[in-house]
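Worksheet: one structure, shown below.
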Amino acid sequence: MNCLRFIIFSLMLLALCASKHVYAEETMSVQVKESEVRATPSFLGKIVAKVVYGDRVTLTGKSGSWTKVSLKGGTPQGWIHSSALTTKRIILKAGQTDAKSGTSQDELALAGKGFNDQIEAAFLKHNKKLDYTWVNLMETFQVKPELMSAFLAEGEVLAQAEGGAK
């Protein structure tokens, strides 16, 4: 009879562990220049805090490609995209030389949809009638988070993104 109780208890414990993620104070480092911690696991979620390269965060949950974290002192808690985090401990230390980039010039060009300074200059040389004045100006625009939130709310984008009906 004791053996049967042990087996049932073990199966219940196994089912409990399999259905829930258990985080034992796992910490990660922010690996991007800056990122936002959001109230919900969505790029449309309200920004509750900002983190910068090297900041340490404590993991408290996971939802798809989003990680729930708490910052130093335990608050605020929020969601950050997992691509902004690394398990490596980042130690910021001044050096005598520039840090080497983890990306090549070719990779940076691909990230810019194939354009780097040389390719853009060659393109402009062969397309002299094109005027990029307004494109260049638009690249300097920065929209405040409050204005973006108001715009999204007015267009009911947030409700649609979170599964609500229009």
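Of the residues making up region 30-54, those that are in a loop (DSSP other than H, G, I, E, B) and over 16 Å from Leu85 (Cβ atoms) are Ala39, Thr40, Ser42, Leu44, Gly45, Lys46. Quick check: is even one residue across region 71-93 open to solvent by 60 Å² or more (accessible area, probe 1.4 Å), closer than 18 Å to Glu34 by Cβ, out of contact with any strand residue (DSSP E or B) (no Cβ under 8 Å at 6 or more places or on another chain) and at pLDDT 85 or above? Yes, that holds for at least one residue.
Here the condition is being of a type in the set (Val, Ile, Thr) and modelled with pLDDT of 65 or more; of Thr103, Thr140, it holds for Thr140 alone.
The values are calculated or read from the model by the stated rules, or taken from the named source; none is laboratory data. In this text the structure is predicted, and so the values were computed from the model without any measurement. Glycine also receives a Cβ, built like all others from the backbone with ideal geometry; neighbour counts cover every protein chain displayed. Just the protein is used for accessible areas: all its heavy atoms, side chains included, with ligands, DNA and RNA removed. Shrake-Rupley method; radii C 1.70, N 1.55, O 1.52, S 1.80 Å.
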